[in-house]
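Notes for the one structure printed next.
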Amino acid sequence: MAGIKVAPRMSDEAVKAKTGKTWAGWFALLDKVGARKMDHKAIVAYLSKHYEVRSWWEQMVTVTYEQARGMRQVHEKPEGFEISRSKTITVPIAKLFEAWESPSQRARWLGEAIAIRKATPHKYLRITWRDGQTHVVIGFYPKGAGKAQVAVQHSKLPNAMAAKRMKIYWAEKLERLRQHLEV
């Protein structure tokens, strides 16, 4: 596909099965209607008005088109860059949540002082990161008896390099958390 800056994260087969078109089909269509000159909301509105595609797919097609045409970088959102990482750990959700909420436990695997802004036990934590500018939301999800998933979403990162660094950082920290808890 000519002009692609970033390869789509989903196969042509998958997008065609859900939307009726391949990436090349969507990109040609959006090029034809002048989407390169539209902002994100305008592209989504166009898709919503003219095609019967679920809203999630409207967003997926729009973001992938923007990335492919160099209008948006990977992980870029209107308010900055955002990354996420998750890990399923073989412990009950209460123990996983406690490892984040308890400052003494958190110090053993995270090694960072964080300010928890809001906590809903066994569901999520909202924190302001140490830079005072970016935000982290940690979600907790039960995955059966004695198993739970933690998902970290770090937003308002200033640029692609910061997003890349934090994606690596959180992968390492979640692995340390798993090692700390699965003893």
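For the reader, a short list of remarks on this structure follows.
- The conditions of being of a type in the set (A, V, I, L, M) and more than 22 Å from Y141 (Cα to Cα) are not met by A94.
- Identity of the residue in the range 38-48, loosely packed, with under 15 Cβ neighbours inside 10 Å and over 22 Å from N159 (Cβ atoms), that ends up modelled with the lowest pLDDT: K41
- Residue within the range 103-120 that is buried (at least 17 other Cβ atoms within 10 Å of the Cβ), within 30 Å of R165 (Cβ to Cβ) and free of Cβ contacts under 8 Å to residues at least 12 places away in the same chain present: yes
- Answer residue from the range 49-74, given it is under 19 Å from the mean Cα position of the chain (by Cα) and assigned to a loop (DSSP other than H, G, I, E, B) and is modelled with the lowest pLDDT among those: V74
- Hits in the range 19-32 (condition: exposed (fewer than 14 other Cβ atoms within 10 Å of the Cβ) and either among the basic types (K, R) or modelled with pLDDT under 90 (or both)): K32
- Spans of strands (runs of 3 or more DSSP E) in the range 96-159 with at least 3 residues closer than 17 Å to S86 by Cα and either assigned by TED's automatic domain parsing to the domain that holds E175 or of a type in the set (G, A, S) (or both): 124-128, 135-142, 148-157
- For the range 49-89, the set of residues classified as surrounded by 14 or more Cβ atoms within 10 Å (Cβ to Cβ), small (G, A, S) and over 30 Å from A148 (Cα atoms) consists of A68 only.
- A35 in the same structural domain as K143 (by TED's automatic domain parsing), of a type in the set (G, A, S) and either out of contact with any Lys or Arg (no Cβ under 7 Å at 6 or more places or on another chain) or surrounded by fewer than 13 Cβ atoms within 10 Å (Cβ to Cβ) (or both): no
- Residue match in the range 170-182 (condition: assigned to a helix (DSSP H, G or I) and within 30 Å of M71 (Cβ to Cβ)): yes
The values are calculated or read from the model by the stated rules, or taken from the named source; none is laboratory data. All values derive from a computational prediction rather than experimental measurement. We place every Cβ from the backbone using ideal geometry, glycine too, and count neighbours over all the protein chains shown.
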